[in-house]
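Asker: This is the structure I want to talk about, given as structure tokens.
Each value in this text was obtained by applying a stated rule to the coordinates, not by laboratory testing. Note that the coordinates shown come from a computational prediction; the quantities given were computed from them, not determined experimentally. Neighbour counts are summed over all protein chains in view; Cβ atoms, including those assigned to glycine, are modelled from backbone coordinates with ideal geometry.
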């Protein structure tokens, strides 16, 4: 696997992998879960430019945190693929987030964030 491909290696969040096509496999289901969230990421429209002549290279993060207004831990996030140099990216992807192992109730907050690799 190339150095720019891993999304999450079990300990550290890395950069999202690049989108090879418009078709993406369904996320892997975990057999032991108390709750899960499935998010359909389709398209982002008219993103701001990264620079004067640079189109954004964007990806989406979906995560869960026990606290309001706090970014989730890396182990509690999933990332979409990254669409490079596109102001109107078509993600056409599903993200599946399962509860962290230590959490079985549904209290907490979801985090959805569109990020630009160039910023």
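Asker: Stretch residue 74-residue 29 to full length: gain in nm at 0.36 nm per residue minus the Cα-Cα span? Intermediate results must be reported in sequence, preceding the final value.
Answerer: Numbers: separation 45, 0.36 × 45 = 16.20 nm, distance 1.88 nm.
This chain segment gains 14.3 nm when fully extended.
Asker: What spacing in nm lies between the two simple spin-label points modelled at residue 49 and residue 96, each 7 Å away from Cα in the Cβ direction?
Answerer: 4.0 nm
Asker: Same structure again: With just the Cα atoms of segment 12-119, tell me how far they stretch along each of the three principal axes, in Å, largest first.
Answerer: 47, 31, 24
Asker: So, in nm, how far is label residue 67 from label residue 21 when the simple model puts each one 7 Å beyond its Cα toward the Cβ?
Answerer: For the pair residue 67/residue 21, the computed spacing is 4.4 nm.
Asker: How high is the relative contact order of segment 58-114, given as a whole-number percent (alpha carbon pairs under 8 Å, six or more residues apart)?
Answerer: Working: 85 pairs, mean separation 29.1, N = 57.
Rounded, it is 51 percent for segment 58-114.
Asker: Which length gain, in nm to one decimal place, applies between residue 110 and residue 88 when the Cα-Cα distance is subtracted from 0.36 nm times their residue separation? Could the numbers behind the result be given before it?
Answerer: Numbers: separation 22, 0.36 × 22 = 7.92 nm, distance 2.45 nm.
This chain segment gains 5.5 nm when fully extended.
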